[in-house]
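Computed from the coordinates by the stated procedures, all read-outs in this text should not be read as laboratory data. Here the structure is a predicted model, which means the values were calculated and not measured. A quick note on method: Cβ atoms are made from the backbone with ideal geometry, for glycine too, and the neighbour counts reach across all protein chains shown.
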Amino acid sequence: MKGGITMKGNMNNMMKQMQKMQKQMMKAQEELKDKSVEGTAGGGMVTVTVNGHKEVTDIVIKEEAVDPDDIDMLQDLVLAATNDALKKVDDLVNQDMGQFTKGMNLPGMF
C-alpha cells in the first residue's frame, strides 16, 4: 500500500499508545497513596482521614463526642465519618483515573 499506513504500523502505534497509557495509569494509581481526604460526622466531632488506596490513616475524636453513657452514638459517628471519607476517595479516584477512561464504558474498573 503506497503512501498509506499499513495495518502493522497502526497496530504498532496502538500498542505503543496503550503501553504509554498503562504506565501513566500505574503512576497515577501510585500517586493516589500520597493523597488523602477527610470525612467528618457530628459537625466535625469525628474526623477520619483516608488515603487514595482506601487505607484509614487517622481518626480524630473530639472530647465532647465521648460520652460513656452513649457509646452507640460515638460508634455511629466513627462509622459515618469513615463512610464519608471513603465516598470522597471514590470521587478522588474517579477524578484522577477518569482521564484515562474518558469515553470508555468500563464498569467497575476503578
- Starting with the highest mean, order 33-44, 7-18, 78-89 by the number of other Cβ atoms within 10 Å, averaged over the residues of each peptide. 78-89, 33-44, 7-18
- Note on the structure: Violations at 28 Å Cα threshold for listed pairs 23/54; 35/62; 33/62 -> none
- Contour minus Cα-Cα distance for residue 79 and residue 67 (0.36 nm per residue): 2.7 nm
- Note on the structure: The base-10 log of I(q)/I(0) that the Debye equation returns for the stretch 7-100 at q = 0.19 Å⁻¹, one scatterer per C-alpha, is -0.84
